[in-house]
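The values are calculated or read from the model by the stated rules, or taken from the named source; none is laboratory data. Here the structure is a predicted model, which is why all the values come from computation and not from measurement. Virtual Cβ from ideal backbone geometry, glycine too; neighbours counted across all protein chains shown. With ligands, DNA and RNA removed, areas are computed over all heavy atoms of the protein, side chains included. Shrake-Rupley method; radii C 1.70, N 1.55, O 1.52, S 1.80 Å.
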Amino acid sequence: MKPDTLADGVFRVAAKIGNRDLFEGIWPIPDGVMLNSYVVKGSEKRVLIDLVKDWDGALAAVNKQLDDLAVGPGNLDYIVINHMEPDHTGAMARIVAAYPEVEILCSAKAVPLIKHFYKIEKNVRAVADGEKLDLGGKTLQFFMTPNIHWPETMMTYLEEDQILFSCDAFGSFGRYESCFDDELTEEEKTKLFSETERYYANIVSSFSSFVTRGIAKLALLGIRMVAPSHGVVWRKEPEKIINWYGTLATYMNGPREKEVAVVWSSMYGNTEALLSSIVKGLESEGVPVHVLQVPQTHESFVLEKVWRSEGLVIGMPTYEYKMFPPMYHVLDILERSHVQGRKTLRFGSFGWSGGAQKQFDEFSTAMKLDCKGVIEYQGSPTEEDKKKAYELAKAMAKEIKG
Ligand code: FEO
């Protein structure tokens, strides 16, 4: 890859990561992910903002682009670390070894992390909220944005060009041929939509209240470009990604989309036997329905659809006196991600004894679900069960529609 020019003296140096690995060791990335770092050259000082880990050739790719920009060893004054997660710092020890005199600028909370992760203490300096750094004709300003998405996170703003280097915030999964939002193909735009929502739901959703707070703090800045460390640079419509994240953050406490996610699993088909009655009841009110089978669908994609939807239907049988284990895992992920307050139905079969509902009730309480009904039956559902499922689903969809 070649460096991309954002403005005079401002460049993206990026690596395209393939789909072999899981992101954070848990989330599939079938379309890969971008790792974006940025170079800002003032007349006196040069800065590299955020790093990479040596993942799928990323370090070699970034080093090559730094050479292209003549920012090799001896030609770099600062490294800014907006966020310590190893996808942005994994290669820190090797990079710093190549630039022994470089000063590392980060938040106060990142200082001990740099020491413990990479054994680096020399030339590390914590910057204050609002502090400025003069590079000669280019001025960086640092803003603490804790918990977007870990406690030490900050963002860096380039005053003269009004570019916000936001690290994980305003990011997306997926690899893109072009650097900028206005250069994407129609196919890439479609991918960007789902890969932004899934990225947010998977790694940011828990921190939604901090996202809302962070966006309010940034509202005072003129932002001409948003340059995150994953995804594309928002040059044409920077307000679009900021507003979009604002909307995604509101899904935690509502309002949400008038849609329903039906998450179901079945062992021998007896729980599945009620599925069509539920879906028909929901669709009879014209509400969009996302049907997701577990464990066949990875929780990453389940969470994406559940996060945006006002309605949630959970279908699962009893297994050894408790919930069907794959659904327990999914509900654990949903609870950790702060999915809460959804209008909810639960259905499922049991054989020798029940037990799933009792365990589901604990999740329901913890997640403050607004439970609209339960259809649980021994063996296969009766016509009466199917009728009840249809009516409960229809009533819930009607309420969601408003
Ligand atoms: Fe892209 Fe939280 O690291």
Go through segment 226-273 and report how many residues are part of a strand (DSSP E or B) and either in contact with a Cys (Cβ under 8 Å, 6 or more places away or on another chain) or surrounded by fewer than 19 Cβ atoms within 10 Å (Cβ to Cβ) (or both). 5
For the condition within 16 Å of the ligand (Cβ to nearest atom) and not hydroxyl-bearing (Ser, Thr, Tyr), what is the one hit in Ile49, Ile104? Ile49
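I'd like the residue in segment 74-83 that is surrounded by 24 or more Cβ atoms within 10 Å (Cβ to Cβ) and farther than 14 Å from His230 by Cα and, out of all such residues, is farthest from the ligand (Cβ to nearest atom).
By that ranking, first place goes to Val80.
Would you say Phe142 is under 23 Å from Gly222 (Cβ atoms), outside any helix (DSSP H, G or I), open to solvent by less than 30 Å² (accessible area, probe 1.4 Å) and touching an Asp or Glu at 6+ places or on another chain (Cβ under 7 Å)?
Against the criterion (under 23 Å from Gly222 (Cβ atoms), outside any helix (DSSP H, G or I), open to solvent by less than 30 Å² (accessible area, probe 1.4 Å) and touching an Asp or Glu at 6+ places or on another chain (Cβ under 7 Å)), Phe142 qualifies.
Within segment 196-245, count every residue that is away from the ligand (no atom under 16 Å from the Cβ) and either closer than 16 Å to Leu303 by Cβ or over 13 Å from the mean Cα position of the chain (by Cα) (or both). Explain how you work it out, then say what you get.
So the first thing to find is which residues in segment 196-245 are away from the ligand (no atom under 16 Å from the Cβ), and the list is 197, 209, 212-213, 215-225, 234-240, 242-244.
Keeping just the survivors that are either closer than 16 Å to Leu303 by Cβ or over 13 Å from the mean Cα position of the chain (by Cα) (or both) gives 197, 209, 212-213, 215-225, 234-240, 242-243.
Total meeting the criteria: 24.
Within segment 375-393, how many residues are outside any strand (DSSP E or B), under 11 Å from Asn270 (Cβ atoms) and either out of contact with any helix residue (DSSP H, G or I) (no Cβ under 7 Å at 6 or more places or on another chain) or open to solvent by 60 Å² or more (accessible area, probe 1.4 Å) (or both)?
Adding up the residues that qualify gives 2.
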Go over the candidates Ile215, Ile223 one by one and state the one that is assigned to a loop (DSSP other than H, G, I, E, B) and open to solvent by 10 Å² or more (accessible area, probe 1.4 Å). Ile223
Filtering segment 354-374 for residues that are aromatic (Phe, Trp, Tyr) and assigned to a loop (DSSP other than H, G, I, E, B) leaves a count of 0
Considering only segment 110-125, I want to know if a residue exists there that is closer than 13 Å to Val80 by Cα, of a type in the set (Gly, Ala, Ser) and at pLDDT 95 or above. yes
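Give Asp50, Asp68 a once-over and let me know the one that is in contact (Cβ under 8 Å) with a residue 60 or more places away in the chain, of a type in the set (Asp, Glu) and touching a Ser or Thr at 6+ places or on another chain (Cβ under 8 Å).
Testing whether each residue is in contact (Cβ under 8 Å) with a residue 60 or more places away in the chain, of a type in the set (Asp, Glu) and touching a Ser or Thr at 6+ places or on another chain (Cβ under 8 Å) leaves just Asp50.
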Within segment 156-177, restricting attention to residues that are part of a loop (DSSP other than H, G, I, E, B) and away from the ligand (no atom under 13 Å from the Cβ), which residue is least open to solvent (accessible area, probe 1.4 Å)? Tyr176
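Could we say that Leu105 is surrounded by 20 or more Cβ atoms within 10 Å (Cβ to Cβ) and in contact (Cβ under 8 Å) with a residue 40 or more places away in the chain here?
Here the answer is no, as Leu105 does not meet what is asked.
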